[in-house]
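Visitor: Let me begin by handing over the structure; questions about it come next.
What follows draws every value from the coordinates through simple rules; no lab data is involved. The model shown is predicted, which means the values in this text are computed figures rather than measured ones. In this analysis, Cβ positions are derived from the backbone assuming ideal geometry, glycine residues included, and neighbour counts consider all displayed protein chains.
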Amino acid sequence: MKQKKIPMRMCLGCNEMKPKRELIRVVKNAEGEISLDLTGKKSGRGAYICRSADCFRAARKAKRFERAFSCEISGDIYDGMERELENDE
């Protein structure tokens, strides 16, 4: 039987390729709102991050989310996503 292909995505924090299921998706929807997508099913442009707060902080410091979504992101949005990420762990 043929092996099923596992989709791989790159973490914005540590730049490692990991299976999609191990990562958390960050979404920018059609209205321009940015949020964490813990289910992986929200519609919109997505970027992936490890489940660790360290990777989130590294991506925030290097402004990788802003580059991925081509927009400015306020500190309040970052703080809210970081709290949500820490609650999920």
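Visitor: From the backbone phi of the range 47-60, what are the Karplus-calculated ³J(HN,Hα) couplings (6.51 cos²θ - 1.76 cosθ + 1.60, θ = phi - 60°) in whole Hz, Gly and Pro given as x?
Guide: 9, 10, 9, 5, 7, 9, 5, 5, 5, 4, 5, 5, 5, 5
Visitor: So, in the chain, how many Lys pairs have Cα atoms under 16 Å apart, if the pair is 8 or more places apart or on different chains?
Guide: So the count works out to 9.
Visitor: Ok, one more. Can you tell which of Asp76, Asp37, Asp54 shows the greatest fluctuation in a Gaussian network model of the chain with Cα springs below 10 Å?
Guide: It is Asp76.
Visitor: Under 1.5 on a/c is rounded, so check that first for the range 1-57, then, if it is not, pick prolate when a/b is larger than b/c and oblate when it is not; a ≥ b ≥ c are the square roots of the alpha carbon gyration tensor eigenvalues. Before the final figure, lay out the partial values.
Guide: Details: a/c = 2.57, a/b = 1.34, b/c = 1.92.
In terms of gyration-tensor shape, oblate.
Visitor: Label 7 Å along Cα→Cβ of Arg45; the range 55-89 residues with amide nitrogen under 17 Å?
Guide: Backbone N within reach: 60, 63-74, 78.
Visitor: Treating the beta-carbon of each Lys and Arg as +1 and of each Asp and Glu as -1, no other charges, what is the dipole magnitude of the range 16-84 about its Cα centre, to the nearest 20 debye? Before the final figure, lay out each step's value.
Guide: Working: 16 positive and 12 negative charges, 76 e Å.
Dipole about the Cα centre, nearest 20: 360 debye.
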